[in-house]
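Everything on this sheet refers to the single structure shown next.
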Amino acid sequence: MTLLPKTIAIKGYKFYFRYSNDCKLCRYSKVCIGGLKENHLYEVTDILKANKEIICPITNEKVIPVIVKYATIKANLMSRGSLSISMKLIFNPPPCDKFNCPSRKLCYPKGLKKGDIVEVKKIYSRSICPLGYHLILADVIPHSP
């Protein structure tokens, strides 16, 4: 659960969580940001009814409680073997310094970092990158430890 401004608290809305130092001292901190991981992609799955109106002390916006889950992320996974749906693995992007590579955003997708445990949700295709790494394009979702 978290708190989101009323204007964006919509089922299916996706957002990347970024931590603000201003939130540390807020009395709503635990319920608002306590369960979120920085730089991870979340999706709103349900809107909860608030018993009272809550105004965020940082932004002065009306916020409401929502249920969120990790959102699915499209990523290239390094693999010489096979992957299967529901398989869990440690996200380990290929070592690469080719910043102009067209696949860079899939090898280093926003919302995932090296070492994250991910669950494979959908498999698209296999490829070999210019550096020789065997890649599998898949939808993954971070898995809570």
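FYI, it's all coordinate maths here, none of it is from the lab. Predicted model, so just to flag it, every value in this text is computed and none were measured. Here the Cβ positions follow ideal geometry from the backbone for every residue, glycine too, while neighbour counts run over all protein chains shown.
How about segment 19-80: which trypsin sites (Lys or Arg not before Pro) there lie in a loop by DSSP and see at most 13 other Cβ atoms within 10 Å?
Answer by residue number: R27, K49, K52, R80.
Quick one: Karplus J couplings for segment 84-97, per residue in order, coefficients 6.51, -1.76, 1.60, θ = phi - 60°, nearest Hz, x for Gly and Pro?
With coefficients 6.51, -1.76 and 1.60, one gets 9, 4, 6, 5, 9, 8, 8, 5, 9, x, x, x, 8, 10 Hz.
Run the helix sum for the chain: -39,500 (n - 2.57) per DSSP H stretch of 4+ residues, divided by residue count, reported at 222 nm to the nearest 500 deg cm²/dmol.
Only helices count here, giving -1000 deg cm²/dmol.
Report the extension gain between M87 and L48 in nm, rounded to one decimal, defined as 0.36 nm multiplied by the number of residues separating them, less their alpha carbon distance.
Difference between extended and current length: 10.9 nm.
Obtain the nm distance between the two label points defined at I8 and F99 by a simple spin-label model: each point lies 7 Å from its Cα along the Cα-to-C-beta direction.
2.7
If you plug each phi of segment 33-47 into the Karplus form 6.51 cos²θ - 1.76 cosθ + 1.60 with θ = phi - 60°, what whole-Hz ³J(HN,Hα) values come out, in order, with x for Gly and Pro?
Each residue's phi maps through the Karplus curve to give 10, x, x, 9, 9, 4, 6, 9, 8, 10, 10, 6, 10, 7, 10 Hz.
As a quick test, which of the pairs K88/K113; K24/K121; K37/K62; K62/K105; K69/K105; K62/K121 have an alpha carbon distance above 26 angstrom in this structure? Could the numbers behind the result be given before it?
Values: K88/K113 15 Å; K24/K121 34 Å; K37/K62 23 Å; K62/K105 34 Å; K69/K105 22 Å; K62/K121 35 Å.
As for pairs spanning more than 26 Å Cα to Cα, those are K24/K121; K62/K105; K62/K121.
When the C-alpha atoms of segment 73-142 are aligned to their principal axes, what extent does each axis show, in angstrom, from largest down?
Result for segment 73-142: principal-axis Cα extents of 31, 23, 16 Å.
Can you give me the distance in nm between label points at T59 and L137, each placed 7 Å from the Cα along the Cα-to-Cβ direction?
So the label points at T59 and L137 sit 3.3 nm apart.
Say R0 is 25 Å: what FRET efficiency, to the nearest 0.05, do C23 and E119 get from their beta-carbon distance?
The pair C23/E119 has a calculated efficiency of 0.30.
What's the Cα-based Rg to Rh of the chain, Rh via Kirkwood? The partial results should precede the final answer.
On the way: Rg = 18.0 Å, Rh = 16.9 Å.
Radius of gyration over Kirkwood radius for the chain works out to 1.06.
What number does segment 2-70 give for Rg over Rh if you use C-alpha atoms and the Kirkwood radius? Walk me through the intermediate numbers first.
On the way: Rg = 11.2 Å, Rh = 12.2 Å.
Reported Rg/Rh (Cα atoms, Kirkwood Rh): 0.92.
Going by Cα centres, segment 9-80 and segment 98-115 are how many Å apart?
The distance from the Cα centre of segment 9-80 to that of segment 98-115 comes to 23 Å.
Using the Karplus curve 6.51 cos²θ - 1.76 cosθ + 1.60 with θ = phi - 60°, work out ³J(HN,Hα) for each residue of segment 106-119 in order, rounded to whole Hz, and write x for Gly and Pro.
7, 7, 10, x, 4, x, 10, 9, 3, x, 5, 7, 10, 10
Please identify the GluC sites (Glu not before Pro) of segment 46-145 that satisfy two criteria: DSSP loop assignment and at most 15 other Cβ atoms within 10 Å. Which are they?
E53, E61
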